[in-house]
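Participant: Sharing a structure with you now.
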Amino acid sequence: DVEKWNREGWLDVVIPQLYQEIGNQHNDYVTNLRWWVRNSHDVPVMVGHGFYKFGDPTMPSAFQSPNELQEQFDISYANDKIVGNSQYSAKFFRQNKVGVTDKLAEIYKNKAVMPFLGRETASAPSKPASVKMESGKLKWSTENQNDLSVVYYFSDKTKKGEVVDVFKGNEIAVSAEGFYCVSTLNSDNKESEVSDLIALK
């Protein structure tokens, strides 16, 4: 009874196997995703995709194009309760049927922050302080030097941000005009609050 396990908080993450295509008459990807999100309670959801189906001639037409994978990712990105995506099975990566592995590489072309899952063991990460722009470098201070820093970039305040880098350090050279902010990650991969946005003009 996975819904009960979610409700009781017994799971760190739930990974439903959403291996059907968008619009499947009997087992629709979107309908199933909504059910899992609704019944996950406070448990993070990671979507399981049927990677093995792409390029298999016995599968529906949706799986004869890598665009189906992109669309499934786009739908999952729109929901804040979904923390990631996984593929079944990795042995199909090398086959790259219908270019689906190339599509996956395109989807993951930018760096990302691995989500925090599970129980906390390390000290909570601290929000970066004294964030400033100085001579083409973004600089900040952190309480714990063992924590990693995450730098985000926004072309403008209305656009979705992207991860510039995840590294151990307190400064980074930046050149693109826009806005930047910083957070920290502890050894549990738990992320701190982000700093205020700093403009580079």
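Participant: Scan the stretch 65-77 and tell me whether some residue there is under 17 Å from the mean Cα position of the chain (by Cα), of a type outside the set (Phe, Trp, Tyr) and over 20 Å from residue 27 (Cα atoms).
Facilitator: no
Participant: Then there's this: Taking the condition closer than 30 Å to residue 193 by Cα, open to solvent by 40 Å² or more (accessible area, probe 1.4 Å) and not hydroxyl-bearing (Ser, Thr, Tyr), does residue 67 pass?
Facilitator: Judged against the criteria, residue 67 is not a match.
Participant: Can you name the residue in the stretch 86-133 that is open to solvent by 80 Å² or more (accessible area, probe 1.4 Å) and over 30 Å from residue 68 (Cβ atoms) and, of all such residues, is modelled with the lowest pLDDT?
Facilitator: It comes out as 119.
Participant: Just need a number here: residues in the stretch 184-201 that are without any contact (Cβ under 8 Å) to a residue 60 or more places away in the chain and not hydrophobic (A, V, I, L, M, F, W, C).
Facilitator: Of the residues in the stretch 184-201, 2 are without any contact (Cβ under 8 Å) to a residue 60 or more places away in the chain and not hydrophobic (A, V, I, L, M, F, W, C).
Participant: Further, regarding this structure: Does any residue of the stretch 131-141 turn out to be among the β-branched types (Val, Ile, Thr) and either outside any strand (DSSP E or B) or touching a helix residue (DSSP H, G or I) at 6+ places or on another chain (Cβ under 8 Å) (or both)?
Facilitator: Scanning the stretch 131-141 turns up no residue that is among the β-branched types (Val, Ile, Thr) and either outside any strand (DSSP E or B) or touching a helix residue (DSSP H, G or I) at 6+ places or on another chain (Cβ under 8 Å) (or both).
Participant: Take the stretch 18-38 and flag every residue that is under 15 Å from residue 59 (Cβ atoms) and either among the polar types (S, T, N, Q) or assigned to a loop (DSSP other than H, G, I, E, B) (or both).
Facilitator: Once the filter is applied, which keeps residues that are under 15 Å from residue 59 (Cβ atoms) and either among the polar types (S, T, N, Q) or assigned to a loop (DSSP other than H, G, I, E, B) (or both), the stretch 18-38 yields 19, 20, 21, 22, 23, 24, 25, 26, 27.
Participant: If we scan the stretch 61-82, do we find a residue that is closer than 30 Å to residue 166 by Cα and β-branched (Val, Ile, Thr)?
Facilitator: Yes.
Participant: Scanning the stretch 148-186 for residues that are open to solvent by less than 60 Å² (accessible area, probe 1.4 Å) and of a type in the set (Ser, Thr, Tyr), which turns out farthest from residue 138 (Cα to Cα)?
Facilitator: Here the answer is 184.
Participant: Okay, next question. Return the residues of the stretch 31-58 that are touching a helix residue (DSSP H, G or I) at 6+ places or on another chain (Cβ under 7 Å) and surrounded by fewer than 17 Cβ atoms within 10 Å (Cβ to Cβ); say none if nothing qualifies.
Facilitator: 39, 41, 56 - these are the residues of the stretch 31-58 that are touching a helix residue (DSSP H, G or I) at 6+ places or on another chain (Cβ under 7 Å) and surrounded by fewer than 17 Cβ atoms within 10 Å (Cβ to Cβ).
Participant: Still on this structure, please answer the following. Go through the stretch 6-28 and give me each residue that's surrounded by 14 or more Cβ atoms within 10 Å (Cβ to Cβ) and free of Cβ contacts under 8 Å to residues at least 40 places away in the same chain.
Facilitator: 6, 7, 11, 14, 16, 20, 24, 28
The values are calculated or read from the model by the stated rules, or taken from the named source; none is laboratory data. None of these values were measured; they are calculated from a predicted model. Glycine gets a Cβ as well: all are built from the backbone with ideal geometry, and neighbour counts include every protein chain shown. Note: areas computed on protein heavy atoms with side chains; ligands, DNA, RNA excluded. Shrake-Rupley method; radii C 1.70, N 1.55, O 1.52, S 1.80 Å.
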